[in-house]
Ligand SMILES: Nc1nc2c(ncn2[C@@H]2O[C@H](COP(=O)(O)OP(=O)(O)OP(=O)(O)O)[C@@H](O)[C@H]2O)c(=O)[nH]1
Ligand SMILES: [Mg+2]
């Protein structure tokens, strides 16, 4: 698909907010595939999910400056429907240590145990290198044959030199093939990501 009209066609359309759940046990259990957006606080998860739906702030459901604290489900009404799941960010500095730990455990539990999870999209600022939590998620996905992607966000903020340098680092980190530059602001990489998500939802577990 090419051209402006073609681009329009690939966004997720008619996406509806399903609900926000405080823990794994209360999430929908209807067997529909789940595509999870995880990563550090402020990495751009909610913005990316919204951009894929051709929306400015679909996923910013909380009024408190877009800080996601619950598991937020969005229903995508395609021929084979699925959920996009906006997860809370881990490592949010202004959060009490106890609350931080609780959120972290909830996120880990979901990524480790969910039967519905088909694709883990780890969103990280393209200007950053992999931190230990992020390495942990990558290792877990590799060991358990779980499809994953490192969405290198805010790509619009890098100049040509920084982009080239970033790609060299991804190669050194051993994740070049799993990395996709994206920008919610400038709509970079969205078509590719939508294709990957559709493919992932068709996979059997
Ligand atoms: N320049 C630029 N800024 C972005 C982009 N995507 C997100 N941002 C900014 O990054 C900040 C964080 O975005 P969010 O989408 O709320 O991040 P999040 O990962 O959902 O954050 P938490 O819910 O706290 O975990 C906001 O100020 C966004 O405007 C992008 O593609 N380019
Ligand atoms: Mg968020």
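For the reader, a short list of remarks on this structure follows.
- The chain: calculated mean residue ellipticity at 222 nm from DSSP helix runs of at least 4, using -39500 (n - 2.57): -10500 deg cm²/dmol
- Considering only beta bridges that DSSP places wholly inside segment 110-205, some 10 percent are antiparallel.
- Projected-area average for the chain over all orientations - Cα convex hull basis, square nanometres: 11.6 nm²
- Cα gyration tensor, segment 86-205 - rounded (a/c under 1.5), prolate or oblate: oblate
- Here the convex hull built on the C-alpha positions of segment 19-127 has a volume of 110 cubic angstrom per residue.
- Residues 169, 34, sorted so that the one with the fewest Cβ neighbours within 10 Å comes first: 169, 34
- Cα gyration tensor shape for segment 145-188, rounded if a/c is under 1.5, else prolate or oblate: oblate
Read-outs throughout are calculated quantities, based only on the coordinates presented, and are distinct from any laboratory measurement. Just so it is clear, the structure is predicted and the values come from calculations on it, not from any experiment. Don't worry about glycine lacking a Cβ; one is built from the backbone with ideal geometry, like all the others, and counts go over all protein chains shown.
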